[in-house]
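First comes the structure, then the notes that go with it.
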Amino acid sequence: MTAFNSPISAGVSRRSLLRAGLAGAGLLTLAACRSAADTTASAAGAATPRRGGTLTVAAGIDFTPSLLFAQSANTLVQRLVFNTLTRYDDQLKPQPELATSWQLGPDGKSITFKLREDVLFHSGRRFTADDVVFAVRNLQNPSRSSQLRSTAATVTDFRKNGDHELTLVLAHPVSNLFDLFEFMIIADPATVEDALAGRQLIGTGPFTFTRRNPGSSISLGRNDKYWAPGRPYLDGVEIRIISQADALLSSLKTGQSQLSYGVQGKDVAALKADPQYRITPYDTGAGAYYIGVNVTAEHVGDKRVRQAIAWAVDRDRLVQQALGGYGLPTSAPWPKSSPAYSDANAAHYTHNPDKARELLKQAGVDRLTLPFAHSSDPGNTAVAQILQYDLKQVGIETVLQPTDSPTMQKQLIAQSMPALWTLSHGFAQLHPATLAVSAYPFNEAKNSSRFTSPAYTQIVQQAWQRPDSDSAEAKVLYQQITDVLLDEEFVIDLAIAGEVEVAAAKVRGATLNKFNYLNLDDAYLTA
C-alpha cells in the first residue's frame, strides 16, 4: 500500500484518488454541491457566521424511522444526527469526515482507514473502529432494506489495528466503494433498534435528537461536544412535516419556516424574483422522474408497449409544467455529470404519439386500461396527472392510485407494484454501477419491475467489479447498460431533477450531500 496524505492535484485520476486518502485532521470545509449559476448564494457566503437560533425546515414527507438505513423520500435527519466516514466534493472526490485518511490495496481488494480519535457519540461513548464494523454489518443485514447492501456485502473481513485504524477486506474490487462510505451513517450499536422504531437517535453528528411527533415534527438540539471545532452554529433544528403544498409554501412566506427542499416547481418559479428568498438548484442529478413498469403484468410484458409509453410522454411539457423548468428532459437515467451520460442517449425517445400508436398496433393493442400508482404528495400527483393525459392521447387509459410514500417504498422493495407507477429515483448521480446494483427500479439481481436478463446482469457485474469508473473500458460497459435500458424500457426515464433549495434570505450555509442528506454544520442565521 502507498500512503498519501497531501492535497490532491486537479489532474489526478479518480482511480488514483481511490488509492490514497486525503488527510483530514482539524476542521472540515463542507462544500455544497450547488449550481455554479447560483450567484446569490456565492455572494451570501461573504457574511460572518453568527451563533445561535433555531432553524425551522419544512418537509412535505415525514421521516420513516424503519427506513433510516435506506434511501427514502425524507433523508433530512441522517447527516444532522449522524456522520459518515467520507463525503464527496462536487467532482465525486472523497473527502475526510470520520475517517482522516485511507489506503486502497494495490489489487483493490482492501482499504485501510485511519479514524478520528476525538469523536464522541451523543451518549458520551467514544467512537472506535468497532462502530465502523457494526455500520458495515448493519447494511449487510437484509432487514435494513439498504440499497447499498450489495456493496457492503463485498466486505468479507475486518482487521483492526487499535481503536482507530481498520482494514476492510473485500471479496473483489468495486467501482463504487466510496458511494458506500458517503451513504453509510455511523449509528450507535446499542440503540439501533430504538432508532429504527423512532424512539431515539444516537449518533456523532452536530445535533442531538430531542423528540419526534410522527406526522408533525422532529426536534434536534445542538451537540455541544461535536468534534468539529466551533460547530454547529445553530442552537437547534426543527423539522416540520407539512404535506399540503399550499400550506408548506405559506409556512415559508409567513416566516414559520426558513428552509425547504419540498416546494413544487411552479411555486419555486414564482418565488425566484423575490429578494426575500434564495433559490439554489442542486445540479448533482440526485433525482430522476420515471415511469416504472411491472413486466409481469398483462400487456406491458411486451416491450413494444413499454416503448410506446416512452414515445407517448411529452418530457418537455412535464419539466415546464410540473417541475417549473427545474429539470432536464431525458430518456436515460444519467445526469450530465455522469461518465455514462451522452446527448444521444438522453434524446433517444422524444414526444411522438404517432410512433407510440404504431408500436401499440404492432403489439396487437388498440386501447387498454392500466393501474397507475403514484406518491400522494402534491408534486408527484401533478406529475402523474400530466403523464395520464399523455398516455390517454395514444389509447392508454390509466387509473391513478395515490399511495403514501412509505407504502410505495415498501412495495418497491417487495416487488409488489402495479402495472405502472411513477416516482423519482436516485443513484445515477454516483458511480454508474451503483444505479444497477443498488437502486430498487434498476437492480440487476432483484428489481421492482421483476425484469430479469442474464445479459443485463453480466454487463452490470462487469462494470461494478472493477477498481475504476471513468476509463474507456468502463464507459463502453456503461453504454451497454444504457442500451439495455433504452431497449427494454422496464424503467422509462423522463427527467433529471435535483433538489431545489428555497431558503429565507437570512439562512446561510445549508448543503446536501449526494444522497440528499441535509448538512447544517456550517449553517447559521443572520441577524
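Before moving on, here are some points about what is shown:
- Applying the set (1) assigned to a strand (DSSP E or B); (2) within 24 Å of V237 (Cβ to Cβ); (3) of a type in the set (G, A, S) to G124 leaves exactly one unmet item: (1).
- Tally of residues being within 34 Å of the chain's Cα centre (by Cα) and open to solvent by 20 Å² or more (accessible area, probe 1.4 Å) across region 337-354: 12
- Out of D224, D246, D274, one residue alone is acidic (D, E), at pLDDT 95 or above and surrounded by fewer than 20 Cβ atoms within 10 Å (Cβ to Cβ). It is D224.
- Odd one out for K303 among (1) open to solvent by less than 60 Å² (accessible area, probe 1.4 Å); (2) touching a helix residue (DSSP H, G or I) at 6+ places or on another chain (Cβ under 6 Å): (1)
Here's the yes/no breakdown for (1) out of contact with any helix residue (DSSP H, G or I) (no Cβ under 6 Å at 6 or more places or on another chain); (2) more than 26 Å from F427 (Cβ to Cβ):
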| site | (1), (2) |
| --- | --- |
| F490 | yes, no |
| L494 | no, no |
| E499 | yes, no |
| A505 | yes, yes |
| R508 | no, yes |
| Y517 | no, no |
| D521 | yes, no |
| T526 | yes, yes |
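- Residue in region 195-221 that is most open to solvent (accessible area, probe 1.4 Å), counting only those that are touching a residue at least 40 places away in the same chain (Cβ under 8 Å) and not in a loop (DSSP other than H, G, I, E, B): R212
- Selected residue (only one of S449, S424 is surrounded by 21 or more Cβ atoms within 10 Å (Cβ to Cβ) and not in a helix (DSSP H, G or I)): S449
- Flag if I111 is open to solvent by less than 20 Å² (accessible area, probe 1.4 Å) and either part of a loop (DSSP other than H, G, I, E, B) or touching a residue at least 24 places away in the same chain (Cβ under 8 Å) (or both): yes
- When the residues of region 496-510 are filtered to those that are under 25 Å from T86 (Cβ atoms) and open to solvent by less than 10 Å² (accessible area, probe 1.4 Å), the one that is farthest from the chain's Cα centre (by Cα) is A510.
- Residues within region 127-150 that are among the polar types (S, T, N, Q), over 15 Å from I185 (Cβ atoms), part of a helix (DSSP H, G or I) and open to solvent by less than 50 Å² (accessible area, probe 1.4 Å), tallied: 1
- Going through (1) under 27 Å from R367 (Cα atoms); (2) β-branched (V, I, T); (3) in contact with a strand residue (DSSP E or B) (Cβ under 6 Å, 6 or more places away or on another chain) one by one, V263 falls short only on (1).
The values are calculated or read from the model by the stated rules, or taken from the named source; none is laboratory data. On a predicted model such as this, the values are computed, not experimentally measured, just so you know. For neighbour counting, all protein chains shown are included, and Cβ atoms are generated from backbone atoms with ideal geometry for every residue, glycine included. Note: areas computed on protein heavy atoms with side chains; ligands, DNA, RNA excluded. Shrake-Rupley method; radii C 1.70, N 1.55, O 1.52, S 1.80 Å.
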